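Right, one structure below, let's go through it.
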Amino acid sequence: MAVSGTVNVNNFAGSGIGGNNGVAVSYRGTSTGLVSNLGAVTGAIQGFDTAGTVNLNNSGTWDIAGNQANLGGGGTIVNNGVVNVGLGGVQTGADVFTNNHIINVNTLGGTPAVLGAMAFNNNGAIFINGRLDVNGNTSFANAGDVNMFDGVTDDRMDVAGNWSSEGGRLMVDIDLSQFTSPTALSDKLNIDGTARQGLADQRRCSSTAFRLDRMVSCFRISRS
């Protein structure tokens with residue numbers, strides 16, 4: 001779907017927008033608008049050619065596996081639904097990305113998924129099965145869950161900026177049987193900037209908890 005001018009796109013519950021060559025909605029020229037999704041969107045939402053601002057409110061399902069979504073001149077993304085990011089899935093160009101519900105990342109055996117924003121606020125849950133790169137940002141504030149629990153220690157999250165724990169949880173697998181090995185012992189969180197504790201931690205892990213870089217963290221021990 002290609003649009004121009006000041007256009008709001010409303011996809012209602014039970015409806016779907018499918019990608020044409022991987023692009024679901026494309027804003028052109030100096031277009032501006034808001035994409036509101038209550039149904040299902042498959043493919044990228046793009047503002048490559050626009051000097052305006054494109055915003056996205058997702059309360060349905062947005063699947064960007066294998067496609068590149070770029071809001072162009074900035075804008076915001078608010079997710080109150082489900083975002084699925086798979087192999088080759090890339091979202092860039094948002095000034096602020098706020099996740100209030102679920103982001104699923106499944107990239108095993110391929111290149112990492114990428115989510116980009118100047119400020120990324122996680123109030124919901126991010127499930128990582130593989131690798132997620134959060135780039136373009138100056139801050140990642142975690143008030144929800146970053147969950148790498150899947151029974152193996154091959155998951156990874158890279159943050160190109162600062163991390164703050166706002167009462168959130170980091171959940172990783174650790175394989176105690178490999179403590180004498182130089183290979184990876186656990187899922188990994190890599191932070192390019194600083195890591196700090198924000199608000200007082202009021203959440204508790206369902207399994208054993210420990211302090212890691214001043215963040216509340218959970219680990220699940222492998223039986224292998």
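The values are calculated or read from the model by the stated rules, or taken from the named source; none is laboratory data. Just so it is clear, the model here is predicted, and its values are computed rather than measured. Methodologically, a virtual Cβ is constructed for each residue, glycine included, from the backbone with ideal geometry; neighbour enumeration extends over all protein chains shown. The area values use the complete protein model at the heavy-atom level, side chains included, leaving out ligands, DNA and RNA. Shrake-Rupley method; radii C 1.70, N 1.55, O 1.52, S 1.80 Å.
Values for this structure:
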| quantity | calculated |
| --- | --- |
| Environment charge at Gly136 (Cβ cut-off 14 Å; Lys +1, Arg +1, Asp -1, Glu -1) | -4 |
| Solvent-accessible surface (1.4 angstrom probe) belonging to Asp63, in square angstrom, nearest 10 | 50 |
| Accessible area of segment 1-153 divided out per residue, in Å², using a probe of 1.4 angstrom | 37 |
| Stretch gain in nm, segment Ala195-Val152, where the contour uses 0.36 nm per residue and the Cα spacing is subtracted | 13.0 nm |
| Whole-percent carbon and sulfur share, accessible surface of segment 113-153, 1.4 Å | 57 |
| Probe 1.4 Å - accessible area at Thr138, Å² to nearest ten | 80 |
| Percent accessible area from carbon and sulfur atoms, segment 2-51, protein chains only, probe 1.4 Å | 50 |
